1. Net charge near Phe35, counting Lys/Arg +1 and Asp/Glu -1 over other residues with Cβ under 15 Å of its Cβ?
2. For a test of understanding, tell me how many lysine pairs in the stretch 2-149 have Cα atoms under 27 Å apart, given they are 8 or more places apart or on different chains.
3. If I model a spin label as a point 7 Å beyond the Cα along the Cα-Cβ vector, how far apart are those points for Ala37 and His7 in nm?
4. Which value at 222 nm does the chain reach when only helices count, each DSSP H run of 4 or more adding -39,500 (n - 2.57), with the total divided by all residues and rounded to the nearest 500 deg cm²/dmol?
5. Let me check I have the definition right: for the stretch 2-149, take the eigenvalues of the Cα gyration tensor, multiply each by 5, take square roots. What are those semi-axes in whole Å, largest first?
6. Only residues of the stretch 48-83 count here: report those whose backbone N is under 17 Å from the spot 7 Å along Cα→Cβ of Val118, or say none.
7. Order 127-136, 21-30 from most to least packed using the mean count of other Cβ atoms within 10 Å.
Amino acid sequence: MKERIDHFDHRISKLFKKYGHYAHRISLGLLFLWFGALKTAGHKTTTSIIAHTIYWGDPAEIIPFLGALEITIGVCFLFRPLSRAAIVLLMIRMPGSILALAMLPDVCWIEFPMAPTVEGQYLIKDITIFFAAIAIAGSVRDRSDETILH
């Protein structure tokens, strides 16, 4: 029985290794496209608070800009050769999430540091997504992603 479980576990692990980064990259691309499109269409999203931490423009103008940036990030993730560009764009966007957590404590925290608000949770999730994206970028040269597309 142990051999069967081990064999099954090996097959599942091999499947995850083969398709995991591909599925993750595509899902991130679609997520950024979706959330970026919401911002450019005028829907207020939780990360719109980032626009209130950037002081070089009116939040009403910054939000569509952030939306366009997120759409670009999404497109870059959808096309494997552009994944590294997505990481660079995420690096440009990431300080906004970190600054919002620090500069808007009344919006981001119920009780610092253990109880974030919904907005704070969203920003923390953005930071986690950034580090997951770095893992994807580390696999860009991996040929297994190419075999899925052919």
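1. Charge balance in the 15 Å sphere: +1.
2. 7
3. Label-label distance for Ala37 and His7, simple model: 4.5 nm.
4. -25000 deg cm²/dmol
5. In descending order, the three semi-axes are 33, 20, 12 Å.
6. Once the point is set 7 Å along Cα→Cβ of Val118, 48-50 turn out to lie under 17 Å by backbone N, inside the stretch 48-83.
7. 21-30, 127-136
Taken together, the values in this text are just the output of simple stated rules run on the coordinates, not laboratory data. It should be emphasised that the depicted structure is a prediction, and the values quoted were computed from it without experimental measurement. Positions of Cβ are backbone-derived with ideal geometry, glycine not excepted, and every protein chain shown enters the neighbour counts.
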